[in-house]
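Single-structure report; data block below.
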Amino acid sequence: MCKFAVLGWCVARGRVRVRARARVRARVRARARARARVRARVRARARVRARVRVRVSLALTLTRCIEWLQAWLLVADDIMDESQTRRGQPCWYKCKGVGHIAINDAVTIEALVFKILKRHFAQDACYLQLVRRSK
């Protein structure tokens, strides 16, 4: 083999190595970009899950408030109607030591509901709809 042929082969072989290294670097960069995209998707899903958790928590808070409102109305209704029992149990105001102090309990329950609504929903647009009394 002549020295130019050997030299040409070495030069070509060097180019092949350079090109192979460039391909490897390109693959490494592509994998890094793919990992970055996956991390971004994971972070986005985590943000969505956090928002959903907050909304679920608010929904549960609202259901608790509805239950307390119902309790307030039942206590007040029992006092006004002078009922003796509620669902087979003595009414709250008929329990020993309670009497007409149950009126204070009913008002306290009502105040508690509106305080909870304000604490959890004051920044939401729906707050006024929640606390507005129907006419």
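The values are calculated or read from the model by the stated rules, or taken from the named source; none is laboratory data. In this text, all values refer to a predicted model and were calculated from it rather than measured experimentally. Ideal geometry is used to build each Cβ from the backbone, glycine not excepted, and the neighbour counts take in all protein chains shown.
Quick check, is residue 60 part of a helix (DSSP H, G or I) and modelled with pLDDT of 85 or more?
Against the criterion (part of a helix (DSSP H, G or I) and modelled with pLDDT of 85 or more), residue 60 qualifies.
What's the number of the condition residue 47 fails, among (1) over 36 Å from the mean Cα position of the chain (by Cα); (2) free of Cβ contacts under 8 Å to residues at least 12 places away in the same chain?
Every listed condition holds for residue 47 apart from (1).
Do any residues in segment 60-81 that are on the phi < 0 side of the Ramachandran plot have Cβ atoms under 7 Å from those of residues that are of a type in the set (D, E, K, R) and surrounded by fewer than 17 Cβ atoms within 10 Å (Cβ to Cβ), where the two are at least six apart or on different chains, and which pairs are they?
Close Cβ pairs (under 7 Å, with a partner that is of a type in the set (D, E, K, R) and surrounded by fewer than 17 Cβ atoms within 10 Å (Cβ to Cβ)) amount to 74/86; 78/86.
Would you be able to tell me the number of residues in segment 83-132 that are closer than 16 Å to residue 70 by Cβ and either of a type in the set (A, V, I, L, M) or in a loop (DSSP other than H, G, I, E, B) (or both)? Show your work before the answer.
Step one: of segment 83-132, the residues closer than 16 Å to residue 70 by Cβ are 83, 86-87, 89, 91-92, 102, 105-114, 116-117, 130.
In the following step, the residues that additionally are either of a type in the set (A, V, I, L, M) or in a loop (DSSP other than H, G, I, E, B) (or both) were identified as 83, 87, 91, 102, 106-107, 109, 111-113, 116-117, 130.
Counting residues in segment 83-132 that are closer than 16 Å to residue 70 by Cβ and either of a type in the set (A, V, I, L, M) or in a loop (DSSP other than H, G, I, E, B) (or both) gives 13.
Spot the failing condition for residue 75; the list is (1) out of contact with any Phe, Trp or Tyr (no Cβ under 8 Å at 6 or more places or on another chain); (2) surrounded by 14 or more Cβ atoms within 10 Å (Cβ to Cβ); (3) part of a helix (DSSP H, G or I), and only one is missed.
Residue 75 satisfies every listed condition except (1).
On the basis of being within 27 Å of the chain's Cα centre (by Cα), surrounded by 10 or more Cβ atoms within 10 Å (Cβ to Cβ) and closer than 30 Å to residue 108 by Cβ, does residue 69 make the cut?
yes
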